[in-house]
Structure formats: C-alpha cells, structure tokens
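A.B. asks: Here it is: the structure, laid out below.
The values are calculated or read from the model by the stated rules, or taken from the named source; none is laboratory data. The structure displayed is predicted, hence computed values, not measured ones. When we count neighbours, we look across all protein chains shown, and the Cβ atoms used for this are built from the backbone with ideal geometry, even at glycine.
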C-alpha cells in the first residue's frame, strides 16, 4: 500500500480555468447543477480528503476525467457535444450515478423531487442543454 502512493495519478486535484458556462435560465438552475453535477462535470471540483490516497485517488480522478470528457459545464464555450443529453441523463436516472451518493457520500447531490422538477424546468430553458 505504501509503494502505490508514489504513483502520482489522481493527486494533483487540478481545476483548469473556467472559460465559459451555459447561460443558465436562472441562478437557481446553476445552484442545483453545482450541487448535483459539478462534482465531476466542471472545473470547480471539490476533492474529498480521501481523494489523496491511492488507489482511491485513481478512482476519483478517473471519474472526474470521464465526467469532464462527457460534458464540462466550465468549458461550455468550447462546444460540449454531451450537453444536449443533460436533461435525458438526469430524467433517466443515469446522473448522478448511484455510486456517487451511496453510503452517505455527497448528500448535496441528492435532490428532492421538487428540486429535480425545478432543475429539469431550468435546464429546458437553458440554451444548449436540450435537443431540438
């Protein structure tokens, strides 16, 4: 276990500069997205303390890398192809993934039904986040 700590992947906890966000329909839409999605889909990731210990750090960094690659709301100006699937991913239950909130982790990402409805309505009114 001590030897694997020498592998640097997952410990830099970098958050590249924010270059552009969607024109959120409301401040509340952004607030709910920050709570539920920005933990992997932004350049504003707040890494938990356990994310500095390998091999957990590798898993956390992998999830962040995959999330940012799918859609990064902090680099919206760079053309985020996955952004148009935002509403579908949330309403279908794919996001946030169950492992993200299991065992009491990231309780802020668990939205109530009312918050979820509010988020979906806000996302539908935000340009670039829905198909059509």
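A.B. asks: Only one of these is surrounded by fewer than 17 Cβ atoms within 10 Å (Cβ to Cβ), in contact with a helix residue (DSSP H, G or I) (Cβ under 9 Å, 6 or more places away or on another chain), in contact (Cβ under 8 Å) with a residue 40 or more places away in the chain and under 25 Å from residue 116 (Cβ atoms): 28, 35. Name it. If you could, list the steps in order and put the result at the bottom.
C.D. replies: Working: 35 fails: surrounded by fewer than 17 Cβ atoms within 10 Å (Cβ to Cβ).
Sole residue among the options that is surrounded by fewer than 17 Cβ atoms within 10 Å (Cβ to Cβ), in contact with a helix residue (DSSP H, G or I) (Cβ under 9 Å, 6 or more places away or on another chain), in contact (Cβ under 8 Å) with a residue 40 or more places away in the chain and under 25 Å from residue 116 (Cβ atoms): 28.
A.B. asks: List the number of the failed condition for residue 116; all other conditions in (1) more than 21 Å from residue 27 (Cβ to Cβ); (2) over 15 Å from the mean Cα position of the chain (by Cα); (3) surrounded by 15 or more Cβ atoms within 10 Å (Cβ to Cβ) hold.
C.D. replies: Going through (1) more than 21 Å from residue 27 (Cβ to Cβ); (2) over 15 Å from the mean Cα position of the chain (by Cα); (3) surrounded by 15 or more Cβ atoms within 10 Å (Cβ to Cβ) one by one, residue 116 breaks only (1).
A.B. asks: Among the residues of segment 65-113, how many are under 15 Å from the mean Cα position of the chain (by Cα), within 18 Å of residue 17 (Cα to Cα) and free of Cβ contacts under 8 Å to residues at least 12 places away in the same chain?
C.D. replies: Of the residues in that region, 2 qualify.
A.B. asks: Which residue out of 83, 51 is within 24 Å of residue 115 (Cα to Cα) and part of a helix (DSSP H, G or I)?
C.D. replies: The unique qualifying residue is 83.
A.B. asks: Would you point out which residue out of 89, 83, 121 is at pLDDT 95 or above and over 30 Å from residue 2 (Cβ atoms)?
C.D. replies: Details: 89 fails: at pLDDT 95 or above; 83 fails: at pLDDT 95 or above.
Among 89, 83, 121, only 121 is at pLDDT 95 or above and over 30 Å from residue 2 (Cβ atoms).
A.B. asks: Please specify each residue of segment 93-109 satisfying the condition of being surrounded by 15 or more Cβ atoms within 10 Å (Cβ to Cβ) and at negative phi.
C.D. replies: 95, 96, 100, 101, 109
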